[in-house]
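A quick write-up on the structure given underneath.
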Amino acid sequence: MCYANVIINVKTRQLDKLFTYAIPPELRGNILAGHRVVVPFGKGQFADGLVWSLTTEKPSFNVKPIVEKLPDDYMLGPTQLYIMQILRKRYAATYQEAYLAVLPSVQKLDKNLLYTVVRPFDDYTIDHIITNRELTELYSQAEIKAKLKAGYLSKQTKFDFKHKNKTVEWVKPLYQDVTEALATIAPRAVKKRRIIKHMAHLQRLPMRDLTAATRATRRDILALVDGGFLAVEEQIENYAISNYTAADSTTQHKPLSAEQQRVVEQYAALNTPRAALLIGVTGSGKTRVYIELAKQALQSGKQVLVLVPEISLTPQLVARFSEQLTTDIGVIHTYIRPADKVNIYQRIKTGDIKVVIGARSAIFAPFKQLGLIVIDEEHEYSYKSETIPRYQAVELALQLAKKLSIDILLGSATPSIQTHHLVDTGSLKALYLKNAFGPAQLSDIKIVDMTALPKDTLLSSLLIDAITACFARREQVILFHNRKGYARSKQCHSCGYVHMCQNCAVPLTVYEGGNQFVCHYCGYREPQLIKCPSCGNQLVEIGFGIEQIQQQLSVLFPTKTFAVVDSDLTHNQAKYIDTLTAFKAGQIDGLIGTQILAKGLDFANVTLVGVILADQLIHMPDYLSSENAYQLLTQVAGRAGRGDKPGVALIQTYQPEHPLFDYVIKRDFDSFIKEEKQLRDIVGYPPYVTLFTVKIQSENKIAAHQQAQRLYAFYDKNFKRNDIDAQVFQPIQPYYARIRHRYRAQLLFKVKKESRSAVLTMLYYGIVQNKYNLVDSKCWVDIDFDG
Ligand code: ADP
Ligand code: ZN
């Protein structure tokens, strides 16, 4: 194996290929697939690369050798390498996109330009190293060029890791006898004597503690090191979960319920690798089952990955896991500090961290020996990546588990139809938890008919009475409404003008009681506007958001406190955790929030849930609309009555007769899903077909339109010509035709399962590689996947 095929981390789609390099003799036998290397790339340049495969075959061209191998700590693991293959095959990712997806951002390399002084000039002596920054501050580009040419300087590219482990310096005494040691130190050296005395009975002490305790400086200590009295060693400071969350001790050592025990046994009895879907009603204690399976995997020396849909859910879940497992838990999410992340990833790689909890991208961690994957709330939309590569984490995990013989358990009260279909086809075994845990009862779900009420009623008297009664019992409420801000938009009463974003073809959302306009797509803000800019008449608010509900509640219940929970709040982790803690402690009486609230929150004192406007969920222009509405209503209703007090969920709607409510009230998931599947089968939607959406964006409206037409014509013709069982539909404009100054167009492909890979290959060559020159340079084109 003298040659390596390397993925180069340089972005260019045309270069979606491997590059061959020679393995120099000193590295031979030491380089494997997954190693990260530095290789020459381009004239006099270097690039960071990943060894993808090895070969003995000598290429016909002259190959250059690998320059450097990065430490084994940074090597990619088996799960990462296999995931890269899936990302390529299933989601049309380029090599580089796949590499960047699995590479933790804290393990990325920084490329620095360095110059070495070869002949002395100005104040510089020979062998002195000058950074690019320093040199460009002092000399012009022309001067630097001249110095290089005349042989004063030589230029190198130096790769260095962006982030490093946090380290601590430990000081250790080397002397046996303190009196003997002091005898050799001058009586005037007061500080040194103090240090020697201080260390006399200690094994070791961090440098910073020693300097503080003895009022000495680092220099004093290093002098004693030179004198042979002390030694200093540097050690990596390990990240500990206790830094992250204080455990709440409610479930400590709680035994499994009989139903939970049965599920654990059923899972253990499955053929390996085990693959199951746990359908457990809200509050049934799915987490307790996950923990039990994690314990078993740990006993057999394997690592465990637990995926959660929302970063905001991790503190609660991590607390529960850390109470019951005696191992360090690696938590991966955006808010962990880089130095800690470096540490976590390294210890996952060595197998020191055995349990990893995180959002979607935690699946890319460099596991040494992954034995179990748990995916909580598997139906959540957040498992789908919104950036390229647009993978679906549940689907990815299932493929990974199958290929590498890893056990997997997906859990939800309301599984996605896509996943549930895998039970029908035999790829997943269904397991059930049908009862809420302990004394908890599933909440009673009731429909509130809004049709007879005055038109802009937000809160029906039924709901207000229920809130009053709930507060009277000193219990808490959760109100759900899926719209952030104060109002959906502002419109002119007389001319119909709607106030839009400057950058997007999107109406601006009204915030702060009407004082702010905000664009949800680009973040653009604008102060309030009272008069219509087009005709001068009054602008009125249309549609209402959670701020308005909070306003009404504060008027109705002036002595109570309410907090708003939406995605803006969850982006501020600390504030979000504070809000939830205050709610748990009873300092807040009610939460009013968007769909964030549906996600796994567990508060025993919440006995009332209100859904302000269910109609808004039912009428989304999307084939997933019923499924999402069912899931959301069931999950939200599941937030009430989780403790020992019974709970009620009130759903306000203008269509009380809608058939969906029947399923929701009865929690008849089986019938709902059966009917929904039949419908999709007939109409041709996932899980029975695959959908690809080709998304086109361009600053030029006509270019976007023509691009869509050109792709449509090409694929339509080629499907027919090659007899491929797939359909491409005439281009459409997405709901919002322009976002951030870019016009958008869209092509939908409906593809029979058998043709999925053939069609994807055609899309890969046509769009990713641009082999047939179909892609206009004025356009961004990418592919989205559904099924
Ligand atoms: P789910 O995720 O299924 O909705 P949870 O895992 O949040 O349910 O559990 C619901 C509640 O029941 C939690 O407060 C949890 O601590 C408690 N619980 C579940 N199983 C047990 C158990 N075996 N012993 C004690 N408490 C449990
Ligand atoms: Zn905008």
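Net charge of the neighbourhood of ILE348, taken over other residues with C-beta under 15 Å away and scored Lys/Arg +1, Asp/Glu -1, is +1.
The charge dipole of the range 595-687, taken about the Cα centre with unit charges on the Cβ atoms of Lys, Arg (+1) and Asp, Glu (-1), comes to about 340 debye, rounded to the nearest 20.
Taking label points 7 Å from Cα along the Cα-to-Cβ direction, LEU32 and LEU404 give a separation of 1.3 nm. Taking a straight Cα-Cα cut-off under 20 Å and skipping sequence neighbours fewer than 8 places away in the same chain, the aspartates and glutamates within cross-link reach of LYS192 are GLU169, ASP177, GLU180, ASP209, ASP220, ASP226, GLU233.
So what is the 222 nm mean residue ellipticity for the chain from helices alone, if each DSSP H run of at least 4 adds -39500 (n - 2.57) and you divide by all residues, rounding to the nearest 500 deg cm²/dmol?
-9500 deg cm²/dmol
Could you compute the FRET efficiency for ALA737 and MET207, with r as their C-beta to C-beta distance and R0 at 56 Å, rounded to 0.05? Please list the in-between numbers first.
Details: r = 61 Å, r/R0 = 1.09.
E(calc), rounded to 0.05, equals 0.35.
Ordering of 143-154, 657-668, 323-334 by packing is 323-334, 657-668, 143-154, highest average first (other Cβ atoms within 10 Å, averaged per residue). For the range 529-563, the residues whose backbone nitrogen is under 17 Å from a point 7 Å from the Cα of SER461, taken along Cα to Cβ, are 556.
Local charge sum around ALA436 (other residues, Cβ-Cβ under 13 Å, Lys/Arg +1, Asp/Glu -1)?
Value of the local net charge: +3.
Evaluated with a Cβ-only charge set (Lys, Arg +1; Asp, Glu -1), the range 168-318 carries a dipole of roughly 460 debye about its Cα centre, given to the nearest 20. Listed by Cβ neighbour count within 10 Å, with the fewest neighbours leading, LEU27, LEU50 appear as LEU27, LEU50.
Among 80-93, 581-594, 531-544, the peptide with the highest mean count of other Cβ atoms within 10 Å heads the list, and the full ranking is 80-93, 581-594, 531-544. Set the bar at 21 Å for Cα to Cα. Now go through LYS108/LYS384; LYS164/LYS349; LYS429/LYS674; LYS11/LYS162; LYS108/LYS341; LYS17/LYS43 and name every pair that lies beyond it. The pairs that break the limit, which is 21 Å between Cα atoms, are LYS108/LYS384. Its alpha carbons give the chain an Rg and a Dmax of 31.0, 97 Å. With point charges of +1 on the Cβ of Lys and Arg and -1 on the Cβ of Asp and Glu, referenced to the Cα centre of the range 63-209, which listed residue (ILE86, TYR115, PRO187) lies farthest in the positive direction of the dipole? The residue sitting most towards the positive pole is ILE86. Here the dipole of the chain is about 1960 debye; that uses its Cα centre as origin and unit charges on the Cβ of Lys and Arg (positive) and Asp and Glu (negative). For the pair the range 448-468 / the range 524-562, the C-alpha centres are spaced 20 Å from each other.
Answer with one residue from ILE618, PHE562, LEU660: the one whose Cα lies farthest towards the positive end of the charge dipole of the range 552-664, charges on Cβ with Lys, Arg +1 and Asp, Glu -1. My answer, from the dipole projection, is PHE562. Could you tell me which of the pairs LYS455/LYS484; LYS295/LYS484; LYS434/LYS560; LYS666/LYS695; LYS402/LYS750 are separated by over 31 angstrom between their Cα atoms in the structure shown? Those over the limit are LYS295/LYS484; LYS434/LYS560; LYS666/LYS695.
Taking the charge dipole of the chain about its Cα centre, with +1 at Lys and Arg Cβ atoms and -1 at Asp and Glu Cβ atoms, the residue from THR282, THR55, VAL694 reaching farthest to the positive side is THR55.
Just so you know, all these numbers are worked out from the coordinates, no wet-lab data involved. What you see is a predicted model, and the numbers here were worked out from it, not measured in a lab. Positions of Cβ are generated from backbone atoms using ideal geometry, with glycine treated the same way; all protein chains shown enter the neighbour counts.
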